[in-house]
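Okay, structure first, notes after.
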Amino acid sequence: MISVSHLVEDLIKNTPFLMDALGKGIINHSSLARIIKPQIEKTLFKDVQEGSIVVALNRLSKRSKKIEREQVKLQGLGDLTVRSNLVDYTFLNSPTLGAAQNKLLEKTADKKDVFITIAHGINQVTIIASQTLENDIKEIFKNESSICNLENLSSLTIKIPIEATKIPGVLYSILKILAWEGINLIEFISTFTELTLVMESKYIDKAFSAIKKWIDNLN
């Protein structure tokens with residue numbers, strides 16, 4: 001049987017900005033309980049006491065505050081790297097796609113001044129690279145099925161300390177900042193200690209300033 005606590009948690013989790021505000025203690029739990037009470041009752045097909053919703057919100061708020069405190073303790077974020085003049089090509093997987101990728105990587109192996117990353121999905125492969133490689137990509141992948149290609153992109157790479165792997169919500173915090181700023185991400189690539197965010201070039205200055213300000217406040 002679904003409990004009131006589970007329903008409240010699911011409802012708040014599906015509204016990230018509300019979860020953030022709850023963790024910061026800037027929402028009145030009683031007022032919020034009155035707002036979400038009809039939705040919870042509709043799901044459970046029965047009347048629910050407002051007090052039980054408030055209790056669930058109190059518990060969720062404490063958990064969120066704990067995560068916020070852990071994130072504030074996080075130090076070492078930095079080394080922001082910006083790259084511009086990037087392109088994004090996405091192709092459907094095929095029996096010949098692997099060979100094409102290898103050919104592109106071989107062609108760029110000695111080019112230290114270019115940026116290239118290849119992300120493999122279940123049915124697609126995305127290549128993000130310096131615009132100087134665009135002609136090579138078009139030629140090498142000319143027989144592949146292209147889903148889309150985007151130009152005028154930039155990337156922001158954030159160095160993340162190893163400790164971040166033990167702290168929940170770190171990547172979410174970064175993405176949340178960009179969402180608050182109205183910055184749309186085209187792609188994001190995560191490795192063990194790096195997060196690369198790809199966006200339209202018109203957003204890069206705003207994104208850099210917002211992330212740098214957040215890191216400076218943490219450190």
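Quick notes on this structure:
- In the chain, taking the dipole from charged Cβ atoms about the Cα centre, the farthest positive-side position among ILE162, SER130, LEU44 is held by LEU44.
- Residue range of the chain that is longest and free of trypsin sites (Lys or Arg not before Pro) which are both DSSP loop and sparsely packed (at most 15 other C-beta within 10 Å): 143-219
- In the range 142-209, chymotrypsin sites (Phe, Trp or Tyr not before Pro) in a DSSP loop with at most 12 other beta-carbon atoms within 10 Å: PHE192
- Of the cross-linked pairs LYS13/LYS37; LYS176/LYS206; LYS13/LYS176; LYS112/LYS202; LYS112/LYS159, those separated by over 23 Å at the C-alpha level are LYS112/LYS202.
- Comparing Cα centroids, the range 139-159 and the range 75-131 end up 7 angstrom apart.
- Stretched out straight at 0.36 nm per residue, the stretch from GLU194 to GLU181 would grow longer than its current Cα-Cα span by 2.5 nm.
- Size of charge dipole - the range 5-56 - debye, nearest 20, with Cβ of Lys, Arg +1 and Asp, Glu -1, no other charges: 80
- Shown in residue order for the range 127-132 are the 3J(HN,Hα) couplings computed by the Karplus curve 6.51 cos²θ - 1.76 cosθ + 1.60 at θ = phi - 60°: 10, 10, 8, 4, 4, 5 Hz (x for Gly and Pro).
- Paramagnetic reach from ASN102 in the range 109-127 [backbone N under 20 Å; point 7 Å along Cα→Cβ]: 109-111, 117-121, 124-127
- Lys, Arg +1 and Asp, Glu -1 on Cβ, resulting dipole of the chain about Cα centre, debye, nearest 20: 900
- If R0 equals 22 Å, the separation of the Cβ atoms of THR81 and ASN149 corresponds to a calculated FRET efficiency of about 0.40.
- Heavy-atom surface of the chain, accessible at 1.4 Å and reported per residue (Å²): 59
- Residues with amide H under 5 Å from that of ASN93, placed H, sequence gap 5 or more: GLN124, VAL125
- Carbon/sulfur fraction of accessible area - the chain, other protein chains in place, 1.4 Å, %: 52
The values are calculated or read from the model by the stated rules, or taken from the named source; none is laboratory data. For clarity, every value in this text was computed on a predicted model and none was experimentally measured. Every residue, glycine as well, gets a Cβ built from its backbone with ideal geometry; the counts of neighbours run over all protein chains shown. Accessible surface areas use protein heavy atoms only, side chains included; no ligands, DNA or RNA. Shrake-Rupley method; radii C 1.70, N 1.55, O 1.52, S 1.80 Å.
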